[in-house]
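Student: This is the structure I have questions about; it appears just below.
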Amino acid sequence: MGNYISGWFSGSSRSFDIIVKVKTGDKKGAGTDANVKVNFINEHGVVSVDHVLNVLWRNDFESGSIDDFEIKNLSDFGRVIGIELWRDTAGLMDDWYVEWVTVTNIKTNDHSVFPIHRWIPPNKKLRINEFDTFLPQHDANWQQRIEELKEKKNIYQTEIKIDGWLPQLKSLPSEQLFSNDYAWDLAILKAGLIVQTKFKSVITGKWSTVDDILSIYNTTLWKPYCCECWKSDESFGQQRLNCCNPTQIRRFREIPENFPVTDVMLWPFLEGMSIQEAIDARKLYYIDYKILENLPCPDNRVVPAPIALFFVNGQGKLMPVAIQLFQKPAEENPVFLPSDDENVWLLAKMWFNNADATYHQSCTHLAYTHLLMEPIAVATHRSLSPSHPMFRLLAPHFLYLMAVNTRGLSLLLIPGGWVDKCMTVGCLGMFKLWARSLAVWRLDVQGTLPKDLEERGVDDVEALPNYHYRDDALLLYNAIKNYVSAVVTHFYDSPQTLKEDTEIQEWACILATHQSEGGTGIPGVPGGGKLEKVEDVVDLITAIIFMGSVAHSACNFPQYDDYGFPPNYPGFLMGKPISDKTPRSTEDVNKTLITKEMTIDMLVITRLLTMRGTNSLGDFEVQYLFDPASEKAAENFRKELTQIAKIIDKRNKERTVPYTWLHPDNLPNSITI
């Protein structure tokens with residue numbers, strides 16, 4: 001924008017010495033009509049006269065724009081290593097968010113970059129040095145830094161909204177609103193998608209048969225792949241490895257007392273092995289959802305708390321061999337087997353998947369990506385200056401997170417909203433499950449991929465083949481760690497440098513300290529909240545970036561393919577879980593189906609949650625790090641991602657069903673939906 005009347009810089013034919021480029025950020029209200037001034041600081045500490053940044057008849061400083069300004073009378077000034085930038089309060093719109101400023105000397109071709117990434121306050125000079133990437137103990141502008149962090153603590157405030165869970169934002173800061181180019185409003189998108197699908201004639205009543213559901217698919221809500229194979233045991237096994245909840249399968253090491261499977265019972269399914277022989281051969285795996293036991297749900301609904309056992313057969317396929325739907329063995333809680341009546345076995349698998357979907361949506365997806373990343377992002381804004389290299393390393397991976405959580409997920413979790421209507425667990429059970437899960441979850445185990453795979457006993461590629469999530473995610477984890485390590489070790493050349501960084505130490509302490517003592521209360525923060533080893537910083541930041549990109553993508557983007565045909569992965573089933581082996585009819589299966597209205601809600605929401613609208617991993621929407629070492633690290637990161645893409649492309653040509661969810665081209669930098 002810019003005020004046309006105030007002291008404008010002439011565009012006459014006289015020669016100029018410096019070109020200044022200013023990038024106004026793409027944020028709501030980022031542009032300004034105020035008068036803007038700048039001065040320059042050279043390597044000798046000399047400060048230039050003030051210069052007004054304005055071009056006659058041009059609307060400067062529009063949101064998302066880059067403006068050029070020609071500066072005269074600085075021919076012998078030398079290399080610019082610092083600037084001071086400020087504005088007044090002229091014009092109707094005086095707020096201003098600046099992304100970066102560059103200064104180029106026409107004579108010497110010296111080029112200096114000044115990352116800003118700040119709202120510019122009125123009538124107050126903001127001093128920025130080249131690259132603006134300094135640890136607090138190395139920053140000459142330390143007083144400005146302290147003042148900025150005080151203001152950030154006022155802006156980013158948290159409160160406990162769910163008993164037993166982590167703190168969340170009290171209110172969304174204006175600087176975290178969606179940009180002008182990216183706005184994700186779940187209610188508006190849902191309404192638009194329903195209009196596109198023209199569902200008016202089918203949104204009431206119940207389905208007569210499972211096959212009737214197939215009539216609703218169209219070009220907007222296409223038929224998921226699982227429609228053709230959802231009844232098969234092979235498909236059920238693959239759901240444990242490569243669908244939207246691939247992080248719960250574990251190696252089976254011994255028979256639990258409450259899971260009374262026997263050799264006689266399982267003999268037909270273990271290819272001639274006893275249970276112990278199959279255990280020793282690392283062929284048995286299981287999932288135990290004890291955490292769901294007696295979970296309170298709305299309207300007396302019941303979520304099973306099942307145990308399911310799986311066997312890796314001679315073809316390397318993971319096959320279900322036993323399902324018990326509740327924790328305590330009883331006559332009304334039998335162990336269901338593949339040899340049972342066809343519909344009995346099918347219903348046992350459907351009710352197991354109801355439990356799996358409960359855990360997936362509650363914990364794998366919402367709690368341990370969206371709602372764990374939020375307090376981490378808040379702590380980062382409160383404790384790390386915008387000038388801190390670790391803030392700049394993390395910032396691209398928080399893009400739109402707070403806005404998505406506040407403006408999007410909150411609509412799913414309101415009383416009577418989508419979770420209450422379309423998930424058996426409802427909000428009541430979901431909130432309780434978050435609290436239960438936090439007691440057993442750790443960032444340095446479940447939140448750190450190699451440790452998670454090791455702890456679950458699923459890191460052996462030969463013992464458990466066709467685990468595409470594991471294989472592709474490890475490539476990405478290592479690439480992220482290489483990138484993070486290159487940046488972190490550049491700035492922390494010794495443990496002493498890390499120890500002297502008061503901001504990073506406060507940040508880690510806040511993350512680890514319990515909420516009752518004013519912290520975030522995340523279990524398993526490396527170093528226990530006191531970062532003494534540089535490797536701990538690398539591990540912590542790697543885990544955070546992985547969580548916001550890879551982990552979220554793995555559990556979010558496959559959702560429509562799983563939930564999009566409700567019998568395949570039922571978030572909600574009508575009636576009560578099957579409790580005996582009396583043969584069942586197709587009609588008994590049909591009675592468990594959700595209504596047409598619930599089906600449409602399930603399809604529309606999971607379709608919306610799987611849309612992509614931002615850049616791929618490593619192609620940052622906003623560049624925060626400009627120093628040579630960090631730019632080199634980012635360049636190497638992108639090269640490694642390119643190689644990973646080729647590896648995954650090759651793997652997918654050999655896979656029975658391609659696993660595309662973790663292809664680098666499909667991975668956003670952050671949780672943007």
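FYI, it's all coordinate maths here, none of it is from the lab. Please read these numbers as outputs of a predicted model, since none were measured by experiment. Ideal geometry is used to build each Cβ from the backbone, glycine not excepted, and the neighbour counts take in all protein chains shown.
Student: Work out how much length Glu43 to Asp280 would gain on full extension: take 0.36 nm times their residue separation and subtract the Cα-Cα distance, in nm to one decimal.
Tutor: Values: separation 237, 0.36 × 237 = 85.32 nm, distance 6.85 nm.
Additional length available on full extension: 78.5 nm.
Student: Among Ser516, Pro567, Tyr359, whose Cα lies farthest out toward the positive end of the dipole of the chain, if unit charges sit on the beta carbon of Lys, Arg (+1) and Asp, Glu (-1)?
Tutor: Pro567
Student: Between Asp50 and Lys646, take the C-beta separation as r, use R0 = 30 Å, and let me know the FRET efficiency to the nearest 0.05.
Tutor: 0.05
Student: What ranking do Arg118, Arg79 get, fewest neighbouring Cβ atoms within 10 angstrom at the top? Write down the numbers at each step before the final one.
Tutor: Details: Arg118 19, Arg79 15.
Lowest to highest Cβ neighbour count: Arg79, Arg118.
Student: About its Cα centre, how strong a charge dipole does the chain have in debye, to the nearest 20, once Lys and Arg get +1 and Asp and Glu get -1 at the Cβ?
Tutor: Values: 67 positive and 85 negative charges, 199 e Å.
Its charge dipole is roughly 960 debye.
Student: Follow-up. What ranking do Glu257, Glu159 get, fewest neighbouring Cβ atoms within 10 angstrom at the top?
Tutor: Working: Glu257 7, Glu159 10.
So the ranking, lowest neighbour count to highest, is Glu257, Glu159.
Student: Within the stretch 212-256, list the residues whose amide N lies under 19 Å from a label point set 7 Å along Cα→Cβ of Thr586.
Tutor: The answer is 212-216, 227-233, whose backbone nitrogens lie closer than 19 Å to the label point.
Student: Right, another one. Under a Cβ-only charge scheme (Lys and Arg +1, Asp and Glu -1), can you give me the dipole magnitude of the stretch 294-404 about the Cα centre, in debye to the nearest 20? The partial results should precede the final answer.
Tutor: On the way: 6 positive and 8 negative charges, 137 e Å.
The calculated dipole for the stretch 294-404 is roughly 660 debye.
Student: Hey, another quick one. If I model a spin label at Asp76 and Ala140 as a point 7 Å from the Cα along the Cα→Cβ vector, what separation in nanometres do I get?
Tutor: 2.2 nm
Student: Decide, for the chain, between rounded, prolate and oblate: order the square roots of the alpha carbon gyration tensor eigenvalues as a ≥ b ≥ c, take rounded if a/c falls under 1.5, and otherwise choose prolate if a/b is larger than b/c, else oblate.
Tutor: Since a/c reaches 1.5 and a/b is larger than b/c, the shape of the chain is classed as prolate.
Student: Rounded to the nearest 500 deg cm²/dmol, what is the calculated helix-only ellipticity per residue at 222 nm for the chain, with -39500 (n - 2.57) per DSSP H run of length n ≥ 4? Spell out each step's value before the answer.
Tutor: Details: 21 runs with 222 residues, N = 673.
Calculated from helices alone, the mean residue ellipticity at 222 nm is -10000 deg cm²/dmol.
Student: Okay, next question. Could you list Arg87, Arg442, Arg584 so that the one with the fewest beta carbons within 10 Å of its beta carbon is first and the one with the most is last?
Tutor: Arranged by neighbour count, lowest to highest, Arg87, Arg442, Arg584 become Arg442, Arg584, Arg87.
Student: State the answer as a single residue: which of Val101, Leu85, Val55 lies farthest towards the positive end of the charge dipole of the stretch 51-133, with beta carbon charges of +1 for Lys and Arg and -1 for Asp and Glu, about the Cα centre.
Tutor: Leu85
Student: Taking only C-alpha pairs under 8 Å that are 6+ residues apart, what is the relative contact order of the chain in percent? Spell out each step's value before the answer.
Tutor: Values: 1267 pairs, mean separation 104.3, N = 673.
With pairs under 8 Å counted, the relative contact order is 16 percent.
Student: Is the shape of the stretch 344-474 rounded, prolate or oblate, going by the alpha carbon gyration tensor and its root eigenvalues a ≥ b ≥ c, with a/c under 1.5 for rounded and a/b larger than b/c for prolate?
Tutor: oblate
Student: Which value in nm describes the separation of the simple spin-label points at Leu214 and Glu631, placed 7 Å from the Cα toward the beta carbon?
Tutor: That separation, rounded to one decimal, is 5.7 nm.
Student: Give, rounded to the nearest 20 debye, the magnitude of the charge dipole that the stretch 46-85 has about its Cα centre when Lys and Arg contribute +1 at Cβ and Asp and Glu contribute -1 at Cβ.
Tutor: About 120 debye.
Student: Compute the length gained on full extension between Ile414 and Ile155: take 0.36 nm times their separation in residues and subtract their Cα-Cα distance, giving the result in nm to one decimal.
Tutor: Net length gain for the segment: 90.8 nm.
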